[in-house]
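The values are calculated or read from the model by the stated rules, or taken from the named source; none is laboratory data. Since we're looking at a predicted model, the values are computed, not measured. When we count neighbours, we look across all protein chains shown, and the Cβ atoms used for this are built from the backbone with ideal geometry, even at glycine.
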Amino acid sequence: MSVLGKLASALGRNDEQPNVELAEALAAKPDAAAIAELAGALATGTTAVSNDAIKVLYELGALKPELVAPHAPAFLKLLSGKNNRNVWGALQAIETITSLQPAAVLAQLPAILVAADKGSVIAKDKAVAILVKLAAAGHGSKVLPVLLERLDGAAPNQFPMYAEQAQPVIDAAHREAFVRLLETRLTSIEASAKRTRVEKVLRRARA
């Protein structure tokens, strides 16, 4: 039986549970051919099939990123598509494999950022997570200026989380700019819980 027959749409289901269960099954018992078939379906399947396939792949990537990392080109190709769900799913999948495929992801960073800016808040969250992982993988000189720029323009609700994610990868060359950014944004944060989170990041950054 083709792995595509196990997708939610093939089973006549309107929920994601079959896709999540398939990802868990592939993580427990890896099947390279099945994973390759799912990756191929991103480009050749119907909208329903490709939507299900990307769900399985990013859920699998969260569990066992090494199993989906070889299919980075298939995820990156989705970024320029018109299927918003697939674009969002591709960003999720790319985030899971960035630590394993940093060079491939870095090469497509402009497309990743464009896709994130056109997408939802979650898409923007994934872009920040990708930048953080690229910095951790040794590409800080290229991506930290971009990360700081996105922090500067982040919505108030997202800023504390982004600051917390960024702080561990900020190097000495960018620490002063990071501290200034935190200090500036702190003055405009009204919610006490969010202020407390940013103040904590600021203390660590100054240490």
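Observations on the structure shown:
- Scanning segment 94-122 for residues that are of a type in the set (A, V, I, L, M, F, W, C) and either surrounded by fewer than 22 Cβ atoms within 10 Å (Cβ to Cβ) or in contact (Cβ under 8 Å) with a residue 40 or more places away in the chain (or both) returns Leu100, Ala103, Ala104, Leu106, Ala107, Leu109, Ala111, Leu113, Val114, Val121, Ile122.
- Restricted to segment 23-93, the set of helices (runs of 4 or more DSSP H) holding at least 3 residues that are buried (at least 21 other Cβ atoms within 10 Å of the Cβ) comprises 32-44, 47-63, 72-78.
- Condition check for Ala62: small (Gly, Ala, Ser) and modelled with pLDDT of 95 or more: yes
- Subset tally (residues that are among the hydrophobic types (A, V, I, L, M, F, W, C) and either outside any helix (DSSP H, G or I) or surrounded by fewer than 19 Cβ atoms within 10 Å (Cβ to Cβ) (or both)) for segment 130-165: 7
- Sole exception among (1) farther than 30 Å from Gly81 by Cα; (2) modelled with pLDDT under 95; (3) of a type in the set (Gly, Ala, Ser); (4) assigned to a helix (DSSP H, G or I) for Ser188, by number: (4)
- Within segment 171-187, residues that are closer than 11 Å to Arg206 by Cα sit with their Cβ atoms under 8 Å from residues that are surrounded by 15 or more Cβ atoms within 10 Å (Cβ to Cβ) and among the small types (Gly, Ala, Ser), at 6+ positions apart or across chains, in these pairs: Arg175/Ala205; Phe178/Ala166; Phe178/Ala205; Val179/Ala205; Leu182/Ala163; Leu182/Ala205.
- Scan of segment 169-185 for residues that are touching a helix residue (DSSP H, G or I) at 6+ places or on another chain (Cβ under 8 Å), within 16 Å of His139 (Cα to Cα) and in a helix (DSSP H, G or I), ordered by number: Val169, Ala173, His174, Arg175
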